[in-house]
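The values are calculated or read from the model by the stated rules, or taken from the named source; none is laboratory data. Source: prediction; values computed, not measured. A quick note on method: Cβ atoms are made from the backbone with ideal geometry, for glycine too, and the neighbour counts reach across all protein chains shown.
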Amino acid sequence: MAMLVEKLGIEKSFPEFTSLVHKCWMRLATWLPAVDDLPSFPRPAMACGRHSGFTHSRQQEGNKTVTRPLSYFHLHLISDATGETLLAAGRAAAAQYANARAIEHIYPLIRTEKQLRKVLEGIDAEPGIVLYTVVDQKLAAIIDESCADMGVPSVSVLEPVLNTFQSYLGAPAHRRASAQHVLNADYFRRIDALNFMMEHDDGQLPLDIEEADVIIVGISRTSKTPTSIYLANRGIKAANVPLVLGIPVPEILFAAKRPLIVGLVATAECISQIRQNRPLGNIPSLDTGLYTDRVSISEELAYARNLCNRHGWPIIDVSRRSIEETAAAILALLRNGKKEGSSS
């Protein structure tokens with residue numbers, strides 16, 4: 001993360017944002033399941049075979065860890081901005097290939113031919129699919145020509161969209177690099193939302209709770225904090241409150257009038273697996289057996305569901321949802337102004 005922040009060059013320009021990113025990343029790291037380091041990949045050989053290869057992946061099946069063959073390929077993402085658009089597009093496409101792992105090479109802020117030539121050297125060393133969002137047509141042409149010479153595919157993610165806009169609006173694009181990343185009201189709204197989230201995480205409920213757009217409740221390991229961080233990055237002020245069986249819910253939560261309160265649940269199996277991978281740490285009073293026991297977790301979930309139903313708070317099952325999908329469901333509830341109880 002530190003290397004990425006330094007590479008993007010935002011540490012000196014936006015110190016308050018950089019600090020928040022580090023804090024949020026550390027908060028996320030305590031939630032994410034432990035992941036083994038990627039295996040070392042053999043250097044590609046010759047011809048089309050050098051574009052990809054095979055390794056092995058350890059997958060959990062019930063109580064057993066099974067090793068399966070897994071293909072890999074290199075995915076090069078070239079952007080004249082932060083590369084977020086490319087990363088989202090590349091990962092969305094790669095997700096459709098369960099037996100192939102993309103080795104991502106991200107090149108942000110590529111705006112000169114000198115920078116681009118260095119990137120192309122790296123692509124030549126480890127060929128693979130090239131996606132790019134570069135508005136400078138001269139640089140885009142260099143990418144396409146060089147990739148054709150190397151025999152690798154290149155795709156401009158933005159160009160078809162710009163062409164459609166130009167055709168519909170009857171005017172050419174300004175073609176300004178990083179035009180969407182400006183210090184406008186939306187930027188500062190996201191900074192405020194991130195600050196708010198950090199001050200209202202894990203049951204912290206100061207008197208300004210009415211400023212929240214949404215309050216997320218749920219038992220341990222239902223992705224409350226990472227979902228709150230994602231929403232904050234969208235400019236949504238999110239607080240979250242853990243629900244613990246036998247411990248009263250803060251009264252201030254019931255008195256809140258403005259915020260949308262949403263309950264997150266999951267299957268007992270899903271939560272048990274996450275808790276086994278990521279326990280709450282060295283807490284002397286924690287009964288690890290009960291914490292990961294599916295029967296105990298089912299009781300916690302029943303308590304959470306009953307509480308939400310009793311107060312008319314909508315419920316979202318996050319068992320098979322990514323953080324982005326959970327956040328999208330909450331954003332949909334906010335748009336619809338939906339506060340009556342439901343389950344989705």
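One table, with the values for the structure above:
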item: Strands (runs of 3 or more DSSP E) wholly inside the stretch 77-186 containing at least 2 residues that are touching an Asp or Glu at 6+ places or on another chain (Cβ under 7 Å); result: none
item: Residue list for the stretch 198-216, restricted to those being assigned to a loop (DSSP other than H, G, I, E, B) and within 12 Å of I330 (Cα to Cα); result: D213
item: The stretch 286-318, subset polar (S, T, N, Q) and at pLDDT below 95, residue surrounded by the fewest Cβ atoms within 10 Å (Cβ to Cβ); result: T288
item: Extreme residue, farthest from V318 (Cα to Cα), among residues of the stretch 217-253 that are modelled with pLDDT under 95, in contact with a helix residue (DSSP H, G or I) (Cβ under 7 Å, 6 or more places away or on another chain) and part of a helix (DSSP H, G or I); result: I252
item: Members of the stretch 254-275 found to be assigned to a loop (DSSP other than H, G, I, E, B) and in contact with a Ser or Thr (Cβ under 6 Å, 6 or more places away or on another chain), listed by number; result: A266, T267
item: Residues satisfying the stated conditions in the stretch 105-144, i.e. out of contact with any strand residue (DSSP E or B) (no Cβ under 9 Å at 6 or more places or on another chain) and of a type in the set (S, T, N, Q); result: T112, Q137
item: Lone qualifier among P127, P160 - being modelled with pLDDT under 95 and assigned by TED's automatic domain parsing to the domain that holds H76; result: P160
item: Hits in the stretch 205-241 (condition: under 18 Å from the mean Cα position of the chain (by Cα) and free of Cβ contacts under 8 Å to residues at least 40 places away in the same chain); result: S228
